[in-house]
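The values are calculated or read from the model by the stated rules, or taken from the named source; none is laboratory data. Computed from a predicted model, the values in this text were never measured in an experiment. Ideal geometry is used to build each Cβ from the backbone, glycine not excepted, and the neighbour counts take in all protein chains shown. Side chains included, ligands, DNA and RNA excluded: accessible areas come from the protein's heavy atoms. Shrake-Rupley method; radii C 1.70, N 1.55, O 1.52, S 1.80 Å.
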Amino acid sequence: MKPATVLTHPVLWIAVALAALTALWSALNAPVSLITMIAIYTLYGAGVNLLVGYTGLVPFGASVFFGCASYVAAFQIMARLGNEISAVILSILFSMLLALAIGALILRRRGLYFSLLTLAFSQIAFEIAFKWTSVTGGENGMQGISRSVFVSDRAYHGFVVVVVLIGMWLLWRLAHAPFGRVLQAVRDNEQRARSIGYNVYLVRLGGMVLMAAAIGCAGALLTFQLQGVYADNLSWQHAGDSLLMTVLGGVHHFLGPLWGAIAFTLLQDRLSAITENWWLIFAPILIAFALLSPEGMQGLAQRILRRERWTLTRNTIPARPAIIKPYESAALAIDRDKPILTTEAVSKRFGSLVVAADINLEIRPFVLHSLIGPNGAGKTTFFNMLAGVLSPSSGRVFFEGEEITRLPIHVRARRGISRSFQILSIFENLTVFENVRIAVQGQRIGARGLFFDAYASEEINARTWSILDAVGLADRAAEPSAMLPHGAKRLLEIAVTLAVDSKLLLLDEPLAGLAEADRVVVAALIRKLAERHAVLLIEHDIDRVLAISDRISVLHQGRIIADGRPAEVAANPDVIAAYLGTKDTGERAAPPAPERRAHATANVLLRANDIAAGYSGSTVLSKVNLVVHEGEAVALLGRNGVGKTTTLSALTGRIALSSGEISFAGERIDRMRTYEINRLGVALVPEGRRLFPNLTVLENLQLAARSGGLGIEQAFELFPRLSARQKAKAENISGGERQMVAIARALMVPSRLILLDEPFEGLAPAVVNEVMAALNKLRGRVAMVIVEHHAETVLPIVDRAYVLVNGTVAFEGDAGLLERDRELQERLLGVVQADSVRAAAS
């Protein structure tokens, strides 16, 4: 170890802090027992932080291990079976076994349930210790626990400091070991950790057992410090002490428990000397830190020094090799003449809803096979069945000739099936290098290894550098992944997907949210990867899919409706109908030309100028301009994933703009909150309806009603069917009736503009006509923006139309013109011939 590394080692700083406090107390002729308590609580807090800071679980009742270990140490001494050293060892072993038993039960639950279950076990232990007087001493506890080896307080103080330093050194080693690195990955992204081959349940169980070892050691040390043991340490009043210390010091800092233990112990000692109600003074201090410095005392110091970062591990990565070995695919050895993955009549049902029906598909090696389809076609559900996230209701899945239908996701990952996610999924708090390295580790040694440095494996490091170089991120390896731009994050996610020795890559919308320049880079990478892997791609950028794919399957309403080469699929009438819709024969009166002209010249109600917006750094909308006039009906059209719903979210203040501005009735609204925009007269009918399921139809309407809006009787006149269903709960009515309630609810406020997101989705033709009739009645009374992916459904009832393509406006004009121009619809909204796309791309 280099001298510079030794001087910055956190365990050295713990030793310096404890030595300084000991020297100060000795100089003051004060007993060192208070410093001994600080050392014990430092180890106690560090054990808790192994679960909180490193694993992402919050135990409210870690005191169950602390208190039970104290009793175990006392029982051994009372039985004259050893000394304080053997008692500490026995307490550690007992705590680990107890954690194994408790963890096996409660780790099936996460979040608040896990926290409360730990507290429940601690309270159970307290009740036993408090009331089993003949064994535990009850309220009086067990006293007279003598020390036979370290008799004096100073000798015992030295022993405690040495044990705590050893314990902290082991925890620091653990944080950098393969197992500790996996804990941090699970903390950041449980789903992603599973997808790269880790059994998250067993990893968390191991983390809980190791936490209990540290806490059990601290509990035994406290027994000999007090020379007695009491039930109070198990009670709910003290169950959160260690958690408070950790939070006060900083949960994302290895030294956080030390600073928290010092502050907690000294404040308790000084304040309790002033008043019995010392918590009335201490609690505001905690509240102030929670509000002003969520990262605790160390985080506050870092903010003052402008060096803010987590210090749970070293801030370094292995040295970059002078020559990076080229990336080699694990799939090159597979037989290219046999399918790598096959599905046989795979189906999935959620109750009575069928989302996948008898899907038969073959994925072949070294082929870029794309899966496309409209919204709600079942693509992601099918992906999840292939990856192991969902189990099919019926049918079978084979990989390399072996059935894998019931294998969990982490087992499939180890066999070579890796996936990316529709919503970006990386380990945000790890470096770029560590994101990929942890995935490589999953294939080589998994989570095995408690105390050797994970970065010591040259093989894993070399493989990591090869993958980073292959995706163009080697120069950014040391950067925190959270700081990457969105396009680089997509490349990183693909790198993580490659790192599991992938034979089959399942890529779920890897181009989503990317700017055009990034789309070109990522699409080229995917095309290159298909030369050395089997690739199954879901993507809504149809033009690019047709340009880069070797084979395309089209999923619609849970069934494969077309499968073949891009040119064949693009010309398939069923595919065209699925994307563009078919002509409806129902009678719908289009707005007469004079009415359309009148609406187009009315006062501007809503104006969006050059707006840009997205999610988590992604760019979904780019310089979008939109105008809606008083009483005008406007259609907002586009393929899946082009930004239609994002536009509505921006108009209603649900997402912030990155640039541009929005005004409503002459007043700027892009800086307003959602409820403020609603009160001005902008109402949203969201996709999926989002009613209050436990309320009746009438109650859903009454909850939204405001003076100046539509009355209840008027709502029933608009939708007569709702009058008969007004006492039915929203969860018990049909999808069409729910859509009617959602539209009526939006009108209960004094609305001047209604935004409707996919109002006809999933509705039967007769119900579509019924909703259409209601919208026709509203035409001219309120302005409407209707998002719809079937142009022929909505164009007859609107005045003007906008078409979005990849987040920008590609068409703006008269709805009648777009309705009559079938060729323009196909170019902007449907699928186009692959040859023309490839020609345009070249």
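Below is a table of values for the structure above.
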{"item": "Folded to 0 to 90 degrees: helix 486-498 orientation relative to the chain principal axis, Cα", "result": "70 degrees"}
{"item": "Estimated [θ] at 222 nm from DSSP helical runs (n ≥ 4, -39500 (n - 2.57)) normalised by residues in the chain, nearest 500", "result": "-15000 deg cm²/dmol"}
{"item": "Area accessible to solvent at Lys729, 1.4 Å probe radius, in Å²", "result": "90 Å²"}
{"item": "Simple Cβ-charge dipole of segment 109-260, Lys/Arg +1 and Asp/Glu -1, about Cα centre, in debye nearest 20", "result": "600 debye"}
{"item": "Per-residue SASA entry for His789, accessible area with 1.4 Å probe, Å² rounded to 10", "result": "30 Å²"}
{"item": "Positive-end residue of Ala488, Pro392, Val471, charge dipole of segment 380-496 with Cβ unit charges", "result": "Pro392"}
{"item": "Segment 427-457 and segment 9-40: distance between their alpha carbon centers, rounded to Å", "result": "36 Å"}
{"item": "R0 of 30 Å, Cβ-Cβ distance Ile445-Asp475: FRET efficiency to nearest 0.05", "result": "0.65"}
{"item": "Cβ-defined net charge surrounding Arg204, 13 Å radius [Lys, Arg +1; Asp, Glu -1]", "result": "+4"}
{"item": "Beta bridges by DSSP in the chain, antiparallel share as percent, to the nearest 5", "result": "55 percent"}
{"item": "Residue-level accessible surface for Lys338, protein heavy atoms, 1.4 Å, Å²", "result": "130 Å²"}
{"item": "Among Ala704, Ser91, Ala650 the positive-end extreme of the charge dipole of the chain (Cβ point charges)", "result": "Ser91"}
{"item": "Charged-residue dipole, Cβ positions (Lys, Arg, Asp, Glu), the chain about Cα centre, Debye nearest 20", "result": "1020 debye"}
{"item": "Of Gly378, Leu119, Met740, farthest towards positive along the dipole that unit charges on Lys, Arg, Asp, Glu beta carbons give the chain", "result": "Leu119"}
{"item": "Exposed-site-free run, longest, the chain (rule: GluC sites (Glu not before Pro); DSSP loop; at most 15 other C-beta within 10 Å)", "result": "1-275"}
{"item": "Separation of alpha-carbon centers, segment 269-321 and segment 561-578, rounded to whole Å", "result": "60 Å"}
{"item": "Summed side-chain charge close to Cys68 - residues other than Cys68 whose Cβ falls under 15 Å, Lys, Arg +1, Asp, Glu -1", "result": "-2"}
{"item": "Exposure rank, largest accessible area first [Arg307, Arg654; 1.4 Å]", "result": "Arg307, Arg654"}
{"item": "Calculated FRET value between Ala571 and Arg396, using beta carbons and R₀ = 22 Å, to 0.05", "result": "0.10"}
{"item": "Shape call, segment 9-138: gyration tensor on alpha carbons, a/c limit 1.5", "result": "oblate"}
{"item": "Separation of the Glu713 and Leu353 label points, Cα + 7 Å toward Cβ, nm", "result": "3.7 nm"}
{"item": "Ranking by accessible area, most exposed first, for Leu21, Leu43, Leu12 with a 1.4 Å probe", "result": "Leu12, Leu21, Leu43"}
{"item": "Cα shape, segment 723-772, gyration tensor, a/c 1.5 rule", "result": "oblate"}
{"item": "Full-extension gain in nm, Ser134 to Glu812, via 0.36 nm per residue minus C-alpha separation", "result": "235.6 nm"}
{"item": "Structure-derived Rg and Dmax of the Cα atoms in Å: which label, when the choices are (1) 33.8, 125; (2) 26.6, 84; (3) 31.9, 102", "result": "(3)"}
{"item": "Probe 1.4 Å, accessible area per residue of the chain, Å²", "result": "42 Å²"}
{"item": "Virtual spin-label span in nm between Asp335 and Arg80, 7 Å along Cα→Cβ", "result": "7.5 nm"}
{"item": "Efficiency of FRET between Leu300 and Ser663 - r from beta-carbon atoms, R0 41 angstrom, step 0.05", "result": "0.50"}
{"item": "Given charges at beta-carbon only (K, R positive; D, E negative), |dipole| of segment 411-542 in Debye", "result": "540 debye"}
{"item": "Percent carbon-and-sulfur accessible area, the chain, ignoring ligands, DNA and RNA, probe 1.4 Å", "result": "57 percent"}
{"item": "Whether segment 338-409 is rounded, prolate or oblate, judged on the alpha carbon gyration tensor where a/c under 1.5 counts as rounded", "result": "oblate"}
{"item": "Extension gain from Ala19 to Arg173, taking 0.36 nm per residue of separation minus the Cα-Cα distance", "result": "53.2 nm"}
{"item": "Solvent exposure, largest accessible area first (probe 1.4 Å, DNA, RNA and ligands not counted), of Ser115, Ser663", "result": "Ser663, Ser115"}
